[in-house]
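The values are calculated or read from the model by the stated rules, or taken from the named source; none is laboratory data. None of the values given here were measured: they were computed from a predicted structure. All Cβ positions, glycine included, derive from the backbone under ideal geometry; neighbour counts span all protein chains shown.
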Amino acid sequence: MTSQALPISTTETTSSTTTTPTPTLTTLRTFLTRLFSSLRTTLSHRRPWLELVDRTAFSRPLSLSDATTRVRKNFSYFKINYLTILAIVLAFSLLSHPFSLLTLLSLVAAWLGLYTFRPSDQPLVVLGRTMSNREILGILVLVTVIVVFLTSVGSLIITAVLVGVGIVCVHGAFRDPEDLFMDDQDTAGSTGLFSFIGGPSVGSNVIPLV
């Protein structure tokens, strides 16, 4: 009696390996996307730069109170332009001091990696000891105070901000705002920058500050 050989399937099942991004990277990517979108929206409300530097609109203020009024009105009208100038001065100061820039970037990376975007289900273990969120926050605050006030980073940032504010105040005092007309763009521009903070959370893994 002959036995009939059963057919054997040699088809190999290969499991496709798909790499899924970690929750931290997904949260960070979403945060950066919303941040850049908010910046683009805010910058779209800036005034024309030619209007900012119109030489025919410059005149000497009559008094200190007149200069203060001009600064206030010009800031309400050119606030996006003024903030852009302030950011450019700050960026130029940091780029001209690479060590301070590297220190500041390392500090920001520490805040983002160890606190803001660290998943809550991944505790930080240092020398066999699990660190709580309050301990991590306290250490980061202490390091930030040391970096800002005991190194050249703090003095560099303060100097750059003072220079930027000085430029804004001088321009605002000598720029006659009589030809400026406020419109709905002023209120719209105030909700663009940092609007991503007040919106929905960028991810459920973001650790609250308290």
Has region 147-162 got at least one residue that is outside any helix (DSSP H, G or I) and over 30 Å from Asn81 (Cβ atoms)?
yes
State whether one or more residues within region 20-40 are over 30 Å from Ser120 (Cβ atoms), exposed (fewer than 13 other Cβ atoms within 10 Å of the Cβ) and at pLDDT 65 or above.
yes
